[in-house]
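The values are calculated or read from the model by the stated rules, or taken from the named source; none is laboratory data. Since we're looking at a predicted model, the values are computed, not measured. Note that we place each Cβ from the backbone using ideal geometry, even for glycine, and neighbour counts take in every protein chain shown. Only protein heavy atoms, including side chains, enter the accessible area calculation; ligands, DNA and RNA are left aside. Shrake-Rupley method; radii C 1.70, N 1.55, O 1.52, S 1.80 Å.
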Amino acid sequence: MKKFFSYAVLAAAVLASPTAAFAGDNVADRTAAIRLCRAEVVAQTGAETGQVRLDQVNVRARLVRVDFDYWRNGDLQNIRCEVTRGEPLAIASITPTLQTAAVAQ
């Protein structure tokens, strides 16, 4: 019974570990995705860099999700930018559309 439990714990640990293909690129991809998304949000809204603040980042196997808080005239707009991982990183979507975010404020 002890052997079975030991093997079960070992198997769970192996299955729960991230895949080797993406394990080393998480930090670089996260940093690049933040820069890419922030630059796109600033360019499309005409905001200053200080108005677009990082809220959180989630790194997944094939996607980096970056959430920003966009402050304009004291109002807050949450913006989510999803970037596909690979060479090169590319913006998959920005929600809400930035024209709507700019008009809403």
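Worth pointing out:
- About its Cα centre, region 26-95 has a charge dipole of approximately 200 debye under the convention of +1 per Lys or Arg Cβ and -1 per Asp or Glu Cβ, with nothing else charged.
- Rounded to whole Hz, the Karplus (6.51, -1.76, 1.60) HN-Hα couplings of region 56-61, x for glycine and proline: 7, 10, 10, 9, 10, 4
- Solvent exposure ordering (accessible area, 1.4 Å, most first) of Thr97, Thr31: Thr97, Thr31
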